[in-house]
Amino acid sequence: MRILIQEALESQVSIDNQVISSIGRGEVIFVGFTSGDTEETCNKMLEKLLKLRIFSDNEGKTNLSLSQIGGNILCISQFTLYADLTQGNRPSFLKALPGKYSEPLYNYFSAKLKEQLPNAQYGRFGADMKVRLINDGPFTILLDSEVLFK
């Protein structure tokens, strides 16, 4: 499982020119799954995500968590986090878990996130979404379960 986190001042998701979700300051997270990911993987990644101290304190140090700044999360599924470019210039997505398997994991992850952060916002799984965000910094981090939990 991979989560790409972008610290944002604001962001929104639109489908067919209709805004379906938006947040102010917080994190836009893009979530992707691969073979072997489970609900337990989701639980561990969510725990890590919510404990991250990536926001600046008064001294400019990355020392504050999302809850400490009163921020929110916009969560979006993104299979392209598992793009493989080792063979040529056209990405292969064979490492991305197919939708029929990743959608239940995304729904599980989203439900667990909602339990911890009731105001979290979401994209729509499998939809052609337009994501707008004002990246703060920019500040972007990749969490990879294969690296974090070996």
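Since every read-out is calculated from the coordinates, none of them should be taken as a lab result. Computed from a prediction, not measured in an experiment: that's the story for all the values here. All Cβ positions, even for glycine, are placed from backbone atoms using ideal geometry, and neighbour counts span all protein chains on display.
Can you sort 106, 101 by how many other beta carbons sit within 10 Å, fewest first?
Numbers: 106 25, 101 13.
Starting with the residue having the fewest Cβ neighbours, the order is 101, 106.
Taking R0 as 30 Å, what's the FRET efficiency between residue 38 and residue 116 from their Cβ-Cβ distance, rounded to 0.05?
Efficiency, from the Cβ-Cβ distance: 0.95.
Relative to the longest principal axis of the C-alpha atoms of the chain, give the angle of the C-alpha long axis of helix 39-51, reported between 0 and 90° and rounded to the nearest 10°.
Around 30 degrees separate the two axes.
Using amide H atoms built 1.01 Å from N in the peptide plane, name the residues 5+ places from residue 97, or on other chains, whose amide H lies under 5 Å from its own.
33, 34, 35
Give the lysines reachable from residue 95 as a straight Cα distance under 22 Å; neighbours fewer than 8 places away on the same chain don't count.
44, 150
How long are the semi-axes of the ellipsoid equivalent to the stretch 2-145, from square roots of 5 times the Cα gyration tensor eigenvalues, in whole Å, largest first?
Largest first, the stretch 2-145 gives 24, 17, 16 Å.
Suppose R0 equals 25 Å; then what is the FRET efficiency for residue 144 and residue 87 from their Cβ-Cβ distance, rounded to the nearest 0.05?
Efficiency at R0 = 25 Å is approximately 0.75.
Give the aspartates and glutamates whose C-alpha is closer than 15 Å to that of residue 130, dropping any in the same chain fewer than 8 places away, or say none.
10, 16
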